[in-house]
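**Student:** Handing you a structure now.
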Amino acid sequence: MKIKEFALENIPLIGLVILMILVSLASPSFLSVDNFLNILRQTSINAIIAMGMTFVILTAGIDLSVGSILAFAGAVCASMIGADTPLLVALFTTLAIGAALGAASGSIVSFFGVQPFIATLVGMTMIRGAVLVYTDGRPISTGDFEVANAFYELGGGYVAGIPIPVIIAGVVFLVCWYVLNHTRMGRHVYAIGGNEQVAKLAGVNVSAVKITVFAISGALAALAGIILTARLESAQPTAGLAYELDAIAAVVLGGTSLMGGRGRITGTLIGALIIGVLNNALNIMDVSSYFQMIAKGGVILLAVVLDRRGKTTE
Amino acid sequence: MTALLELKGVDKAFSNVRVLQKVDFVIKAGRVVALAGENGAGKSTLMKIITGIYRRDAGTMRYRGSDVQFTSARQSMDAGIAMIHQELNLLQQLTVGENIFLGREPTDRMGRIQWPVIKERSRYWLGQLKQDISPLELIANLSIAQQQMVEIARALSMNAELIIMDEPTDALTDVETKILFDVIGHLREQGKGMVFISHRLGEIFRMCDDVAILRDGAMVHQGPVSEIDEDELIRHMVGRELSQQYPYDGVKPGPVRLKVDGVSAHGVSNVSFTAHAGEVVGFAGLVGAGRTELGKAIFGANPTTAGTIEVDGAATRLRTPRDGVGAGIGYVTEDRKHEGLIQAHGLRSNMSLIGLFRFSGLLGALDKKAEKETITGYIDAFSIKTHGIDAMVSQLSGGNQQKVSIAKSLLAEPRILILDEPTRGVDVGAKREIYNLINELKSQGLCILLMSSDMPELLGISDRILVLSNGRLTGSFSRDEADQESIMRCTVAGLKEATVQ
């Protein structure tokens, strides 16, 4: 009984373990510390975006604008670093811009009653347009000032042998986990997704919570933009295209319901890792990148179907 | 008389919790059998086994002379068993006709839906219920009572042999109940078998031929209604004597706690009254008289357009429920499913939702240990039957859900508590517990506004009764002056006025 319950509760985790066993059987080079660190580093950007997405989806919303916010934040940050802005100033400004863009989507959802899908679809289009206007369609280099070297560390550096993006993702995870499980805000997020009317009658400030979750999503997308820009030492106008889809896939793979009110941040982390391991495995097995997309879609479908079956037989 | 459906030795358990034990149950053609029992006694489970939603663990079921094992609601429906659920199962954005024929739409050979047939058949079945509802009307535009009638029309249209009605009169007015009873009488003459589940004991004696009583998952009595009286029925249901149905506690009211002056809002016009600490003020009125709207207006969930509200002498602006909670007002809704509790969430997160501020410190960090202790305390104090503090609310019985709902409001430590139909869909034993609770809260100095359609209940536990009609206050009675007849006169007073105008 106990084992069965554990299994039903942790289908994403079991899926990840099975996937890793299969891949290591197929390709011995998969099982190495270097490769694992590589997977974690590649996963960290999607994981950070997906964790913000988890907040939004738990309130029964969706955020399609994260990829565009990532690109916009990256471009602004690159030009600030290129203009020798102090590192902390550049970082906080960038994060604030991301949060503000998210809060704008949230406000449209809260005050004008627009569906999150539509509000963030508009955001996605307009912000991407703003990126192209701002960059004139060309990459922005982080420049040659001293600060650019320090900035590079955020994407390409290591602390005690662990890539800095992985450490950042770990800290983000801990904070998100704490907020969702141990704060009033977290309870309100679940309550709104569970039944918005009940939450409202319980005195929850529904508009404020919704604006906050979109702001969190936007800020984390901007953080991902900072890491990506730092690693490439430049901001690309097309950065983050379709990243929202990988983030949503990670959240869903992690067992969070798109209807809201049910799900866990640990699940999202595991979901992001499943996608990361899959990408890595297809690469080291030399599968063509065209075929990779088909394989990835297939695995996501399989995982979600298994998860649904587990839930209905409960 | 032959048995239409016969259950023998039916057992059912959910994850090792036994909910039905060796239940025998007979439904005869041409008779109405009342299924009585407290919430959680196993009535719903038994009905779900008959309709194929649940599978029995043991026992046999014979339907029209042969053994059957339904594995889906669809199968039982095709076999002629219709169930009218307490929680109405209508699609709000479809029309009346579409709902009546949902899944059974008449089609021609090309597979095209024959709308004229749907319209005509729907009109016919609604006509049988004396309802003048257009088949083209959206369900969302109908009152709860009208929706109930549509559900019944759907069951009739299936030509069901066995009709199960779960609390069908709960949302109906007296006139509509009378129509429903006429229909039941008519169906009985046609030889249909019927199961009637109701917490209103009077209706059982008025309408039913047989009565079957479940207690803690066992069938403790089954026989003709004529051989049993109300006291015996209650004794079978609760397994103990209920000496006094409405306990009243004559505490002396304290100072004025709530002053409502000239308040108007959606469904409420120019209402003024005061209520004291340690007082239960009852609100009587017909369905739609504005009781719920008034309760919500005082709480802040129904924005006021005129008038003032004072709590403990201080004027308050109540524009959102958050303002209401902040002003020390608790509101327990009549609609538990949609407004009261998050059905798919656990008892803990539901119960502490309003009062979370009590457990949160810096940056909203929760003291989960204190939360758990408080909630366990309420579960014990209210004797809420549950598997644990994280059990899903949807798995609790109606009475237990209501207790969770009240506890949820109390957790925010209100000074004024508004209870909207607190005993609707709640069984006799749990009702009694809720009355005791109201008395206890009253003696602690809470000011309680009690909205109820159950007149004996209002008369039984209120200190004062105010009557609403058409959104206006049309009567005010002290406990000693109040009687059913004068209150009834006031409930229709505003209506006459409205028609004169």
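**Student:** I need a count of the residues in segment B:466-497 that are at pLDDT below 80 and touching an Asp or Glu at 6+ places or on another chain (Cβ under 8 Å).
**Tutor:** 0
**Student:** How many residues, within segment B:437-461, are on the phi < 0 side of the Ramachandran plot, modelled with pLDDT of 90 or more and out of contact with any Phe, Trp or Tyr (no Cβ under 9 Å at 6 or more places or on another chain)?
**Tutor:** 9
**Student:** Just to be sure I understand, how many residues within segment B:202-216 are touching a residue at least 60 places away in the same chain (Cβ under 8 Å) and surrounded by fewer than 17 Cβ atoms within 10 Å (Cβ to Cβ)?
**Tutor:** Total meeting the criteria: 1.
**Student:** Of the residues in segment B:333-366, how many are buried (at least 24 other Cβ atoms within 10 Å of the Cβ), aliphatic (A, V, I, L, M) and more than 7 Å from chain A (Cβ to nearest Cβ)?
**Tutor:** 2
**Student:** Follow-up. Does A:PHE214 qualify as being in contact with an Asp or Glu (Cβ under 9 Å, 6 or more places away or on another chain) and either more than 14 Å from every other protein chain (Cβ to nearest Cβ) or not in a helix (DSSP H, G or I) (or both)?
**Tutor:** In short, yes.
**Student:** For B:THR60, all conditions in the list (1) crowded, with 21+ Cβ neighbours inside 10 Å; (2) touching a strand residue (DSSP E or B) at 6+ places or on another chain (Cβ under 8 Å); (3) not aromatic (Phe, Trp, Tyr) hold save one; what is the number of the exception?
**Tutor:** Of everything listed in (1) crowded, with 21+ Cβ neighbours inside 10 Å; (2) touching a strand residue (DSSP E or B) at 6+ places or on another chain (Cβ under 8 Å); (3) not aromatic (Phe, Trp, Tyr), B:THR60 misses just condition (1).
**Student:** Right, here's the next one. Quick check, is A:TYR178 among the hydroxyl-bearing types (Ser, Thr, Tyr), in a helix (DSSP H, G or I) and under 25 Å from B:PHE357 (Cα atoms)?
**Tutor:** So A:TYR178 passes the test.
**Student:** Would it be correct to say that B:VAL280 is within 14 Å of chain A (Cβ to nearest Cβ) and within 22 Å of B:SER469 (Cα to Cα)?
**Tutor:** No: the conditions fail for B:VAL280.
**Student:** For B:GLY307, which of the numbered conditions (1) away from every other protein chain (no Cβ under 14 Å); (2) within 18 Å of the chain's Cα centre (by Cα); (3) under 15 Å from B:HIS266 (Cβ atoms) fails to hold?
**Tutor:** (2)
**Student:** So which residues in segment B:176-194 are of a type outside the set (D, E, K, R), assigned to a helix (DSSP H, G or I) and closer than 24 Å to B:GLU6 by Cα?
**Tutor:** The answer is B:ILE184, B:GLY185, B:HIS186, B:LEU187.
**Student:** Do you know which residues across segment B:8-22 are surrounded by fewer than 23 Cβ atoms within 10 Å (Cβ to Cβ) and modelled with pLDDT of 85 or more?
**Tutor:** Within segment B:8-22, B:LYS8, B:GLY9, B:ASP11, B:LYS12, B:GLN21, B:LYS22 meet the criteria.
**Student:** Now a separate question. Can you tell which of B:LEU90, B:LEU35 is within 29 Å of B:VAL150 (Cβ to Cβ) and in a loop (DSSP other than H, G, I, E, B)?
**Tutor:** Answer to the check: B:LEU90.
**Student:** Also, quick follow-up: Give the residue that is farthest from the other protein chains (Cβ to nearest Cβ), with candidates limited to residues of segment A:168-207 that are closer than 21 Å to A:ILE265 by Cα and surrounded by fewer than 16 Cβ atoms within 10 Å (Cβ to Cβ).
**Tutor:** Here the residue is A:GLY170.
**Student:** Does B:VAL251 satisfy the criteria of being in a loop (DSSP other than H, G, I, E, B) and either among the hydroxyl-bearing types (Ser, Thr, Tyr) or not assigned by TED's automatic domain parsing to the domain that holds B:LYS8 (or both)?
**Tutor:** When the stated conditions are applied, B:VAL251 passes them.
The values are calculated or read from the model by the stated rules, or taken from the named source; none is laboratory data. Since we're looking at a predicted model, the values are computed, not measured. Here Cβ is always computed from backbone atoms with ideal geometry, including for glycine, and neighbour counts include all displayed protein chains.
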